[in-house]
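FYI, it's all coordinate maths here, none of it is from the lab. Remember, it's a predicted structure, so these values are computed and weren't measured experimentally. Heads up, the Cβs are rebuilt from the backbone with ideal geometry, glycines too, and the neighbour counts pull from every protein chain shown.
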Amino acid sequence: MKKKFFALTLVLFSPLAMAHPGEHHMGWLAGIAHLLSEPDHLAMLLLAVVVGAYGALALRRRARVNKRRQ
Ligand SMILES: [Zn+2]
């Protein structure tokens, strides 16, 4: 139930989230340059990398514990 509420909240309020005013409709190269040059996008990228690395470490730790139990 908690997960469904969280997912519904994300779906309902995600259109309200705006990194910054302005257009994002540009060519793919300019789009990548924009994503790598704006501090707000870089912060979200850094957050995704940190969360992904933490998740990978947690999975690796869990696999190591499961291997010891066998
Ligand atoms: Zn942007």
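Let me make sure I get this right: for the chain, a, b and c are the square roots of the gyration tensor eigenvalues over alpha carbons, sorted descending. Under 1.5 in a/c it's rounded, otherwise prolate if a/b > b/c, else oblate. Which is it? Walk me through the numbers before you get to the answer.
On the way: a/c = 3.75, a/b = 1.66, b/c = 2.25.
Oblate.
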Checking understanding here: applying a Kyte-Doolittle mean of at least -0.5 and a length along the axis of at least 18 Å (C-alpha), which whole DSSP H helices in the chain pass? 39-69
Within the chain: Cβ-based charge dipole about Cα centre, in debye rounded to nearest 20 (Lys, Arg +1; Asp, Glu -1): 1200
Taking R0 as 30 Å, what's the FRET efficiency between LEU59 and HIS20 from their Cβ-Cβ distance, rounded to 0.05? 0.35
